[in-house]
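Engineer: Please find one structure pasted underneath; my questions will follow.
The values are calculated or read from the model by the stated rules, or taken from the named source; none is laboratory data. This one's a predicted model, so the numbers in the text were calculated from it and none came from an experiment. Here the Cβ is made from the backbone with ideal geometry for all residues, glycine too, and neighbour counts use every protein chain on show. In case anyone asks, the SASA skips ligands and DNA or RNA and just uses the protein heavy atoms, side chains included. Shrake-Rupley method; radii C 1.70, N 1.55, O 1.52, S 1.80 Å.
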Amino acid sequence: MQLGALIASLLFTFAKTDSALFLISGYTSFAAAIFTFLTIPDLTTLDLYEIDKQWRMILNGSEYEYDGAAVDPRHLSYLERRKRMNRGVVM
C-alpha cells in the first residue's frame, strides 16, 4: 500500500496538465485491471470452508496434498492455470 501511494504521488507531481493527469490515471487503471485478471482467482461460487481448508494445508506445508474444490481450474487465477499446465498437471 505504501509503495502504491509513493508511486502515485510521484506520478501526479509530474502531471502538469489535466490531460497528463487523465492519461496517467487511465494507464494505471488499465495496468491494475490486467494485474487483477492475471492474479486474482474467481472464488464466487466456492465454499468458504474449502478456501480455509486449502489455506490451512498451505500453512502446514502440505500445499500439494490438497485436492479439494479450490484447485479446480475454474476457481484458479489465470497465472495459476498456466503454471499448472506448464507443470503437466491434468485439469
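Engineer: Quickly run through the range 6-16 and pick out the residues that are open to solvent by 60 Å² or more (accessible area, probe 1.4 Å) and of a type outside the set (Lys, Arg).
Structural biologist: Correct list: 6, 7, 10, 11, 12, 13, 14.
Engineer: Could you check, for the range 1-13, whether at least one of its residues is closer than 23 Å to residue 87 by Cα, part of a helix (DSSP H, G or I) and either of a type in the set (Val, Ile, Thr) or in contact with a Lys or Arg (Cβ under 8 Å, 6 or more places away or on another chain) (or both)?
Structural biologist: First, the residues of the range 1-13 that are closer than 23 Å to residue 87 by Cα: none.
The answer is no, given that none of the residues of the range 1-13 is closer than 23 Å to residue 87 by Cα, part of a helix (DSSP H, G or I) and either of a type in the set (Val, Ile, Thr) or in contact with a Lys or Arg (Cβ under 8 Å, 6 or more places away or on another chain) (or both).
Engineer: Can you tell me which of 58, 51, 24 is assigned to a helix (DSSP H, G or I), within 21 Å of residue 87 (Cβ to Cβ) and either over 18 Å from the mean Cα position of the chain (by Cα) or not hydroxyl-bearing (Ser, Thr, Tyr) (or both)?
Structural biologist: 58
Engineer: Continuing with this model, one more query. With the requirement that a residue be loosely packed, with under 12 Cβ neighbours inside 10 Å, in contact with a helix residue (DSSP H, G or I) (Cβ under 7 Å, 6 or more places away or on another chain) and without any contact (Cβ under 8 Å) to a residue 24 or more places away in the chain, what does the range 40-91 give you?
Structural biologist: 65, 73, 91
Engineer: A further question follows. At negative phi, open to solvent by less than 50 Å² (accessible area, probe 1.4 Å) and either touching a strand residue (DSSP E or B) at 6+ places or on another chain (Cβ under 6 Å) or not acidic (Asp, Glu) (or both), is that true of residue 19?
Structural biologist: Taking the combined requirement at face value, the residue does not satisfy it.
Engineer: While we're looking at this one, here's another question. In the range 1-44, what residues are of a type outside the set (Gly, Ala, Ser) and within 27 Å of residue 71 (Cα to Cα)?
Structural biologist: 34, 35, 36, 37, 38, 39, 40, 41, 42, 43, 44
Engineer: For residue 30, indicate whether it is over 18 Å from the mean Cα position of the chain (by Cα) and of a type outside the set (A, V, I, L, M).
Structural biologist: no
Engineer: Right, here's the next one. Assess whether residue 36 counts as being out of contact with any helix residue (DSSP H, G or I) (no Cβ under 7 Å at 6 or more places or on another chain) and either touching a residue at least 40 places away in the same chain (Cβ under 8 Å) or part of a loop (DSSP other than H, G, I, E, B) (or both).
Structural biologist: It is false that residue 36 is out of contact with any helix residue (DSSP H, G or I) (no Cβ under 7 Å at 6 or more places or on another chain) and either touching a residue at least 40 places away in the same chain (Cβ under 8 Å) or part of a loop (DSSP other than H, G, I, E, B) (or both).
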